[in-house]
Amino acid sequence: MKPAPFEYVDPRTVDEALDHLHRHGEEAKVLAGGQSLAPMLNFRLARPAVLVDINRVAGLDGVTETNGALRVGTLVRQRHLERAIDGRFPLLAAGLKLIGHTAIRVRGTVGGSIAHADPAAELPALLACCDGVILTRGRRGERSIAAAEFFVGPLMTALAPDELVVETRWPLPAPGTGWGLHEVARRHGDFALVGAAALVALSDGQVRSARVAVFGCGATPTRAAAAEATLEGRVPTVALIDDAARAAASKLDPHADLHASAEYRRRVARTLMTRALSDAISRASGSAR
Amino acid sequence: MGAKYFGAAVRRREDPRFLRGEGRYLDDVKVAGLLHAAFLRAPYAHAAIRAIRTERARSAPGVVAVFTFADLETWMKPLPLFGAPPPGLAAAIAFEIRQAPQFALCRDRARYVGEIVAMVVADSRARAEDAAEAIEVDWEPLPVATDMRQAAEAGAPLVHEAWGTNVGVAFTHAIGNVEAAFAGADVVMSETFHIQRYVGMPLESRGAVAVWDRRDGALTTWNSTQVSHFVQQGLASALGLPHHKVRVIAPDLGGGFGTKASGYPEDHLVPIAAIVLGRPVKWVEDRREHMMSAAHARHQIHAISLAARRDGTILGLRDRIWLDLGAYNVWGIVLPYNTVAHLIGPHRIRNMRVDVQAVTTHKTPNAPYRGAGRPETVFAMDRAVDRLARELKIDPAEIRRRNYIRADELPYDFGMPYRDGNPLVYDSGDFPAALEAALKAADYDEFRRGQAALRARGVYRGIGISGYVEGTAIGPFEGATVKVDLGGRVLVATGAVNSGQGHETSFAQVCADALGVPLEHVTVVGGDTAGVPFGVGTFASRSGVTAGNSIADACHQVRAKLVKAAAALLEAAPGDVDIEDGQAFVRGVPASAVPLARVVQASIPTFAKPGVASPDFEATAYHHVPTVTFASAVHVAQVEVDVGTGHVTLLRYVVAHDCGKVINPLIVDGQVHGGVAQGVGGALYEEMVYDEQGQLLTGSLMDYLVPTAMELPPLETVHLEFPSPRNPLGMKGLGEGGAISPPAAIANAIEDALQPFGVDITATPVSPARLLALIRETA
Ligand SMILES: Cc1cc2nc3c(=O)[nH]c(=O)nc-3n(C[C@H](O)[C@H](O)[C@H](O)COP(=O)(O)OP(=O)(O)OC[C@H]3O[C@@H](n4cnc5c(N)ncnc54)[C@H](O)[C@@H]3O)c2cc1C
């Protein structure tokens, strides 16, 4: 379990990093927190010729709030964000706590989790849930890609090989928005078998907006559009929530693996959407009161 | 000679160095000029080797040597095999046994994924791995047998063609009159239970470092093994060296659990490379290698039937048992017969018939792992008893009350041999008392009272019971040498290897009491073959009893020598001299006290005069332990099941157990906790999964799920102490017990929680996906 030989570079600026990526193209791999990449190197599942370590690149580790969104530099450690959120985004805070264990979050970066695009990972799903945006840079310039377009398959994104994720933008939920997050993992800190996140805003007892994302259930994190449509503009009764979750579950395209069948994932996605929505709605109505 | 330390909760003396990160594990062994080995392992479960080309690997950067079977042919001796039936057992039961030795390197065929094809030695591990990748092998894939029941049938692809079958061990055994018992029963309950393949998974993987001293013709090898004397014997005969020229040292071990008690190809290959190359060689198994090439374990199927009266009295038991051995039958009758000898457990069942087949398949070879057949057999039995209780509408606690052997029935003779060939006779204990103690500690009655109300609110909680009686401390002996040095300090050397059990503490407690010295004056060294000539090693819950009693015996001999010398020094009769706290004194004359150092020094001859006695303050003992002594326990688990997801949460776990006289209650608790944790792994998480081609699908700890502290519930232990009549210290073995009952207790609890659904759990691990499927099948 030693990595295959590779060349190692540690640029100090984004431009320098982009130069390396441009020069080596598919042969290069970015190293951020290493929590996903290092095991793949050690198993020789990833065999890059050049490892571009971006940990010393300046200016990628800030957390700021502008225009109602959290702007999170790609190198911000998951653990750091967890602490920096400070009550502003309880759904994101709850999601961060579910990533592995503290030791992993101390190294693992927010941008690394997004770029890695594991379909069972929390952050990609949460970014999709809040209509977040990924900011990238390449030699041809900057792009801002909506989460919905960014994740294209398991461990596959819209990022070009010579592009870098530099920041993720997390629109803060409007005050009074309720949230819910449920996942089933085999053990504490494991990737979810299935998970569901929800953000719900109410007005006059009706659902003003509902956003639901499912993860660990298919190739990418998925917005449960059918559930959202079922709920919006209606009074959220137990029966309606159930209908919404059922409608969305039937649209999912779950995968099977060693730990769970596709059928299990679809079934439990429905259960977890119900739970996440119920929590979100009760939190929203609690704060409305 | 009072018991000052024996029984005291002395804090583990080895812990400071472990907690500071100063343990010396195999990987910490550094020798000047070390070379590093990596292995090319078979990618196929069954394939013939048509050709191996190593030229590219040999010329790769940093490579010193590449070895295939052909390169080392003269060194290739069959690896050791164990588990021939001892005479008493062979006389009682007709075993069909087939064993084929493995060679350290594949000769012309691979029989499981992970078997070693070639060895690369280079100046770094990374370069050795690079070169191993450059070895080209022409493989011819062959048909594969992976399912143990299919593999047992005629026409299955054969693992060892010469056998004409895949069955490595077969036997039938019966006691009483099982036909009559079944004919006269009110009910017969039958079910087939599957116990998955799961493993010891020590935190520290295996490894070896070998140094060949050409001048002396002597080999020193550090090996992360539980059985250094076995490794020494294997090497001495394989290498044709005198035993005293082969020193095997087990450094600190980060767990063993039986995984490190098997004989392995690397034990031989690393020393052979060191001798051939004349340079020290190191190999540390990485986790990927560990998953596929360290011994696997468990994996049985039981088609079991219980015959009973309507009141729950069990009259008879039939069981057809299959064991999956993996590719080599290394352990002979050990696992199959352990399984049979522990099937009845605490129950009063006089009629039994078992039909057993242990079957080779194209998978990693199995070996005993903490419990060694007992967790499997107890799972089948305790699940069957619960199923019978449900059928008869008797509470699971009550049916056990009606069937557990009473204390006044002990000693209880089964009328059949134990695995060591001696009569299987329970020596001491009180199984009903353990049952009641466990139920009480777990608030069983209160739990039952609250259960229905919780269910009405959609909260599904269950409680499950499992009990076992375990033959522990298998003999025949362990070696221990005790010596007193010039400063009056004591060195204890034993063949028992500390793989986390706290030997440095508990053995020092035994020695300090037996010799009459302060604990701090005692150093314990285990697992160095240079320390004691003959030894067996640590496995089978044996070291406390076997090494403990040998240490006590040796101390008594040394004490007699010290008393004699002190008597001469103090000019008193030996009968009047006593030793306490490291001081020798004339009884009743405290002022006469001299430190043991004085006694030793006065015994050393000087130019002026001879010593007061011979300075031979050393003794070696091999306490003979003819047969096992029976430890027992009852476990109670409380669980909650999320019926929406199939997720199981452990709420509480209680163990009421008897391990005879306790040396150190802290260590006993720790052993129970660790065992329960591994049992929880078996119940809910761990499984080595192969596909139909014999490819291992659980190749990393991302897929093979070991429970962490986060998954464990509060563990409560109740200690019952029924001294063993079978050894002077009154002890019983303890190391394995914790791991035996959790799968049964937890599965019983889950089934209990899901009573309204009528779920039948017939297999472990009970994963959320499996459980939800069961819930939905019945809903
Ligand atoms: C035991 C364990 C448990 C875990 N459990 C979870 C879990 O429950 N949930 C979860 O979501 N994750 C989990 N993880 C993964 C963890 O969150 C990782 O930190 C994360 O997936 C990757 O972040 P990283 O910074 O470590 O990235 P790295 O491992 O360094 O990189 C991951 C990938 O992203 C690419 N990359 C990284 N940064 C950039 C960038 N700025 N631009 C372009 N490409 C980039 C790399 O090239 C690589 O392909 C776990 C990891 C471990 C080891």
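Given the criteria within 27 Å of B:GLY674 (Cβ to Cβ), aliphatic (A, V, I, L, M), within 14 Å of another protein chain (Cβ to nearest Cβ) and in contact with a Gly (Cβ under 8 Å, 6 or more places away or on another chain), does B:LEU729 qualify? Judged against the criteria, B:LEU729 is not a match. Set side by side, the residues B:PRO713, B:PRO707, B:PRO723, B:PRO765 differ, and just one is within 14 Å of chain A (Cβ to nearest Cβ), touching a Gly at 6+ places or on another chain (Cβ under 6 Å) and outside any helix (DSSP H, G or I), which is B:PRO707.
I need the full set of residues from the range B:391-412 which are over 14 Å from B:LEU435 (Cβ atoms) and either aliphatic (A, V, I, L, M) or without any contact (Cβ under 8 Å) to a residue 12 or more places away in the chain (or both), in order please. Steps first, please.
First, pick out the residues of the range B:391-412 that are over 14 Å from B:LEU435 (Cβ atoms): B:391-394, B:408-412.
If the condition is that a residue be over 14 Å from B:LEU435 (Cβ atoms) and either aliphatic (A, V, I, L, M) or without any contact (Cβ under 8 Å) to a residue 12 or more places away in the chain (or both), then B:LEU392, B:LYS393, B:ILE394, B:ASP408, B:LEU410 are the ones that fit.
Any idea which of B:ALA170, B:ALA126, B:ALA145, B:ALA156 is within 14 Å of another protein chain (Cβ to nearest Cβ) and either surrounded by 15 or more Cβ atoms within 10 Å (Cβ to Cβ) or part of a loop (DSSP other than H, G, I, E, B) (or both)? Spell out how you get there, then give the answer.
On the way: B:ALA170 fails: within 14 Å of another protein chain (Cβ to nearest Cβ); B:ALA145 fails: within 14 Å of another protein chain (Cβ to nearest Cβ); B:ALA156 fails: within 14 Å of another protein chain (Cβ to nearest Cβ).
Result of the check over B:ALA170, B:ALA126, B:ALA145, B:ALA156: B:ALA126.
Among the residues making up the range A:1-35, those that are among the small types (Gly, Ala, Ser) and closer than 27 Å to B:PHE39 by Cβ are A:ALA4, A:GLY34.
Residue under question is B:VAL137, and the condition is that it be within 21 Å of B:ILE52 (Cβ to Cβ), part of a loop (DSSP other than H, G, I, E, B) and not assigned by TED's automatic domain parsing to the domain that holds B:ARG353; does it hold? Let's see the steps before the verdict.
Numbers: within 21 Å of B:ILE52 (Cβ to Cβ): yes; part of a loop (DSSP other than H, G, I, E, B): no; not assigned by TED's automatic domain parsing to the domain that holds B:ARG353: yes.
Taking the combined requirement at face value, the residue does not satisfy it.
Kindly establish whether B:ASP413 is touching a Lys or Arg at 6+ places or on another chain (Cβ under 6 Å) and surrounded by fewer than 17 Cβ atoms within 10 Å (Cβ to Cβ). Lay out the reasoning, then the answer.
Numbers: touching a Lys or Arg at 6+ places or on another chain (Cβ under 6 Å): no; surrounded by fewer than 17 Cβ atoms within 10 Å (Cβ to Cβ): yes.
No, not satisfied.
Quick check, is B:ALA174 more than 30 Å from B:MET688 (Cβ to Cβ) and not assigned by TED's automatic domain parsing to the domain that holds B:LYS363? Here the answer is yes, as B:ALA174 does meet what is asked.
If the condition is being away from the ligand (no atom under 11 Å from the Cβ) and in contact (Cβ under 8 Å) with a residue 24 or more places away in the chain, then the range A:63-85 contributes A:GLU65, A:GLY68, A:ALA69, A:LEU70, A:ARG71, A:VAL72, A:LEU81.
Table: residues versus (1) farther than 13 Å from B:ALA739 by Cα; (2) part of a helix (DSSP H, G or I); (3) of a type in the set (A, V, I, L, M, F, W, C); (4) within 14 Å of chain A (Cβ to nearest Cβ).
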{"residue": "B:HIS635", "(1), (2), (3), (4)": "no, no, no, no"}
{"residue": "B:VAL639", "(1), (2), (3), (4)": "yes, no, yes, no"}
{"residue": "B:VAL648", "(1), (2), (3), (4)": "yes, no, yes, yes"}
{"residue": "B:LEU651", "(1), (2), (3), (4)": "yes, no, yes, no"}
{"residue": "B:ILE663", "(1), (2), (3), (4)": "yes, no, yes, no"}
{"residue": "B:VAL668", "(1), (2), (3), (4)": "yes, yes, yes, no"}
{"residue": "B:GLY674", "(1), (2), (3), (4)": "no, yes, no, no"}
{"residue": "B:GLU687", "(1), (2), (3), (4)": "yes, no, no, yes"}
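Scanning the range A:144-160 for residues that are within 20 Å of A:GLY68 (Cα to Cα) and within 13 Å of the ligand (Cβ to nearest atom) turns up just one, A:ILE145. Say we look at the range B:693-704 and pick out the residues that are among the hydrophobic types (A, V, I, L, M, F, W, C) and part of a loop (DSSP other than H, G, I, E, B); which of these is nearest to the other protein chains (Cβ to nearest Cβ)? Per the stated criteria, the residue is B:LEU697. Here is the figure for the range A:31-62: residues that are within 6 Å of the ligand (Cβ to nearest atom) and within 13 Å of chain B (Cβ to nearest Cβ) total 2. Residues in the range A:90-104 that are buried (at least 21 other Cβ atoms within 10 Å of the Cβ) and more than 7 Å from the ligand (Cβ to nearest atom): A:LEU91, A:LEU92, A:GLY95, A:LEU96. Counting only strands (runs of 3 or more DSSP E) that fall entirely inside the range A:164-271 and contain at least 1 residues that are more than 14 Å from chain B (Cβ to nearest Cβ) and touching a Cys at 6+ places or on another chain (Cβ under 8 Å), the qualifying elements are A:164-171, A:194-203, A:206-215. Within the range B:182-200, the residues that satisfy the criterion of being more than 18 Å from B:PRO365 (Cα to Cα), in contact with a Lys or Arg (Cβ under 8 Å, 6 or more places away or on another chain) and not in a strand (DSSP E or B) are B:PHE182, B:ALA185, B:ASP186. When each of B:ILE314, B:ILE301 is tested for being closer than 30 Å to B:GLY699 by Cα and either away from chain A (no Cβ under 14 Å) or in contact (Cβ under 8 Å) with a residue 40 or more places away in the chain (or both), the lone residue that passes is B:ILE301. Which one of these is modelled with pLDDT of 95 or more, within 30 Å of B:PHE477 (Cβ to Cβ) and crowded, with 18+ Cβ neighbours inside 10 Å: B:ALA584, B:ALA593, B:ALA567, B:ALA619? Every option except B:ALA619 fails the conditions.
Which numbered condition trips up A:ILE134, out of (1) within 12 Å of the ligand (Cβ to nearest atom); (2) away from chain B (no Cβ under 14 Å); (3) not in a strand (DSSP E or B)? In the conditions (1) within 12 Å of the ligand (Cβ to nearest atom); (2) away from chain B (no Cβ under 14 Å); (3) not in a strand (DSSP E or B), A:ILE134 misses (3) alone. Being away from the ligand (no atom under 16 Å from the Cβ) and surrounded by fewer than 24 Cβ atoms within 10 Å (Cβ to Cβ): is that true of A:GLU163 here? Here the answer is no, as A:GLU163 does not meet what is asked. Of the numbered conditions (1) under 30 Å from B:THR361 (Cα atoms); (2) within 14 Å of another protein chain (Cβ to nearest Cβ), B:GLU736 fails exactly one; give the number of that condition. So B:GLU736 meets the others, but not (2). Taking the range B:248-328 and the strands (runs of 3 or more DSSP E) fully enclosed by it, the elements with 1 or more residues that are assigned by TED's automatic domain parsing to the domain that holds B:ASP382, among the polar types (S, T, N, Q) and touching a Phe, Trp or Tyr at 6+ places or on another chain (Cβ under 9 Å) are at B:298-308. A:LYS97 satisfies every condition listed in (1) in contact with a Lys or Arg (Cβ under 9 Å, 6 or more places away or on another chain); (2) within 30 Å of B:ALA37 (Cα to Cα); (3) within 14 Å of chain B (Cβ to nearest Cβ) except (2).
Could you tell me whether the range B:540-556 includes any residue that is free of Cβ contacts under 8 Å to residues at least 40 places away in the same chain and not assigned by TED's automatic domain parsing to the domain that holds B:PHE230? Quick ask: steps written out before the conclusion?
First, the residues of the range B:540-556 that are free of Cβ contacts under 8 Å to residues at least 40 places away in the same chain: none.
No, the range B:540-556 contains no residue that is free of Cβ contacts under 8 Å to residues at least 40 places away in the same chain and not assigned by TED's automatic domain parsing to the domain that holds B:PHE230.
Per-residue answers, yes or no, for (1) under 23 Å from B:ASN422 (Cβ atoms); (2) within 21 Å of the chain's Cα centre (by Cα); (3) within 14 Å of chain A (Cβ to nearest Cβ):
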residue	(1), (2), (3)
B:MET291	no, yes, yes
B:HIS296	no, yes, no
B:PRO368	yes, yes, no
B:THR377	yes, yes, no
B:VAL385	no, no, no
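The values are calculated or read from the model by the stated rules, or taken from the named source; none is laboratory data. Quantities reported herein were computed from a predicted structural model and do not represent experimental measurements. All Cβ positions, even for glycine, are placed from backbone atoms using ideal geometry, and neighbour counts span all protein chains on display.
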